[in-house]
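For reference, the structure is listed below as structure tokens.
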Amino acid sequence: MHATTGADGTVTAVVDAGGEPWHRVQALLERRLDDLPPESLLEVVTADRHVSAALPGWCAASGSTLLATEKTADTTSFLLRVPADTEPHVASIHLPEIS
């Protein structure tokens, strides 16, 4: 997949999810979003059709932008732009304990 939409056209990180199920891929992507610089490019490669079906909706919910999709016989690759918003995701906010 060619990252032609980045400032320098470079993919910042690649997640090769193989055949992992969506719930595992989702958790990994949420951790990666917190680690990547705003507006960087992330490529996700999956062999699981459920991941392929769920990823566009997750992008919309997470604020990521789905830039491209490329299918081969065995895998689907997605190119995402990480959101510019650097606020932590709801799942990673640590609330103080109430006594």
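The values are calculated or read from the model by the stated rules, or taken from the named source; none is laboratory data. Not measured: the values here are computed from a predicted model. Neighbour counts are summed over all protein chains in view; Cβ atoms, including those assigned to glycine, are modelled from backbone coordinates with ideal geometry.
Overview of values
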| read-out | value |
| --- | --- |
| Residue match in the stretch 44-51 (condition: more than 15 Å from residue 16 (Cβ to Cβ) and among the charged types (D, E, K, R)) | yes |
| Count of residues meeting criterion [at pLDDT 55 or above and either surrounded by 11 or more Cβ atoms within 10 Å (Cβ to Cβ) or within 15 Å of residue 70 (Cα to Cα) (or both)] in the stretch 1-18 | 8 |
| Qualifying positions in the stretch 34-47 - surrounded by fewer than 19 Cβ atoms within 10 Å (Cβ to Cβ) and touching a helix residue (DSSP H, G or I) at 6+ places or on another chain (Cβ under 7 Å) | 34 |
